[in-house]
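Asker: Sharing a structure below in structure tokens format, with a few things to ask.
The values are calculated or read from the model by the stated rules, or taken from the named source; none is laboratory data. Being a predicted model, the structure only gives us computed values, none of them experimental. With ideal geometry, Cβ positions are generated from the backbone for all residues, glycine too; neighbour counts draw on all protein chains shown.
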Amino acid sequence: MKLLEEFVENMLGDEAVKIFKILLRERKDLTEDEISEKTGLARNITRKNLYLLQEYRLVSYKRIKNRETGWYYYYWRINDEELPLILLELKKDIINKLKLKMEKLKLDTAAYMCTVCKRRYSFSEAFNNEFKCAHCDNELVYVETNSYVDKLSKIVTKLEEELLDEQRKIQGS
């Protein structure tokens, strides 16, 4: 689960990982109010992050109407059964995005990078911006794309191996 928590933190942020950890620890349905109380987050922040987690199918909810007040209460929980499959899908998406990035980099023989914010630019983008970062206006420096493509290739290979191992584990269980 540590890998999943890291993913949530990297993709969705600190607030989402707080909520995710609470739901993992509790292993029961919790209302937004209970989650807010346990995390110390405001209700609107909690709700926003629950919907983000739901977009990735990491959590689900059931809606129950209070007969006395007529209000609906939402009870949230971790999608335990689907988590391994969700992780596999997310890894596949990341691998595909990295492969697309590698292909784009292979086409750009020259690349430039901002040393401050680390944004990368093709030659034409750098030229059009007068070799200054469009984001922070710092000067761009030339970087060799082959070494970057090699690094990305190693990461993709490692992720693909992990993906195969995880698929075997799921099929075996």
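Asker: Pick from region 88-143 the residues that are assigned to a helix (DSSP H, G or I) and among the polar types (S, T, N, Q): which of them is farthest from LEU164 (Cα to Cα)?
Answerer: Across region 88-143, the extreme among qualifying residues is ASN128.
Asker: Now a separate question. Checking ASN66 against (1) outside the structural domain of TYR142 (by TED's automatic domain parsing); (2) within 26 Å of LEU152 (Cβ to Cβ), which single condition isn't satisfied?
Answerer: (2)
Asker: With respect to THR69, is the statement that it is of a type outside the set (Phe, Trp, Tyr), surrounded by 15 or more Cβ atoms within 10 Å (Cβ to Cβ) and farther than 30 Å from GLN167 by Cα true?
Answerer: For THR69, the condition - of a type outside the set (Phe, Trp, Tyr), surrounded by 15 or more Cβ atoms within 10 Å (Cβ to Cβ) and farther than 30 Å from GLN167 by Cα - is not met.
Asker: Additional query: Tally time: how many residues in region 80-97 are at pLDDT 90 or above and surrounded by 16 or more Cβ atoms within 10 Å (Cβ to Cβ)?
Answerer: Of the residues in that region, 1 qualify.
Asker: Among the candidates SER60, SER36, which residue alone is assigned to a helix (DSSP H, G or I) and either assigned by TED's automatic domain parsing to the domain that holds SER153 or surrounded by 14 or more Cβ atoms within 10 Å (Cβ to Cβ) (or both)?
Answerer: Details: SER60 fails: assigned to a helix (DSSP H, G or I).
Result of the check over SER60, SER36: SER36.
Asker: Return the residue satisfying two criteria in turn: it lies in region 32-64 and is in contact with a Ser or Thr (Cβ under 9 Å, 6 or more places away or on another chain) and among the charged types (D, E, K, R), and of such residues it is nearest to VAL17 (Cα to Cα).
Answerer: ARG47
Asker: While we're on this one: Hey, LEU41 hits all of (1) outside any helix (DSSP H, G or I); (2) surrounded by fewer than 16 Cβ atoms within 10 Å (Cβ to Cβ) but one; which does it fall short on?
Answerer: So LEU41 meets the others, but not (2).
Asker: Now, a different point. Since LYS18 meets every condition but one in (1) out of contact with any helix residue (DSSP H, G or I) (no Cβ under 7 Å at 6 or more places or on another chain); (2) free of Cβ contacts under 8 Å to residues at least 60 places away in the same chain, which condition does it not meet?
Answerer: Tallying (1) out of contact with any helix residue (DSSP H, G or I) (no Cβ under 7 Å at 6 or more places or on another chain); (2) free of Cβ contacts under 8 Å to residues at least 60 places away in the same chain, LYS18 fails exactly one: (1).
Asker: Another question, then. Quick one: would you say ASN49 is assigned by TED's automatic domain parsing to the domain that holds LYS158 and of a type outside the set (Phe, Trp, Tyr)?
Answerer: Criteria not met by ASN49.
Asker: Taking the residues in region 1-27 that are over 16 Å from ARG47 (Cβ atoms) and not in a helix (DSSP H, G or I) as candidates, determine which candidate is modelled with the lowest pLDDT.
Answerer: Across region 1-27, the extreme among qualifying residues is MET1.
Asker: How about region 54-82: which of its residues are touching a residue at least 24 places away in the same chain (Cβ under 8 Å), touching a helix residue (DSSP H, G or I) at 6+ places or on another chain (Cβ under 8 Å), of a type outside the set (Lys, Arg) and under 16 Å from LYS28 (Cα atoms)?
Answerer: The answer is LEU58, VAL59, TYR74, TRP76, ILE78.
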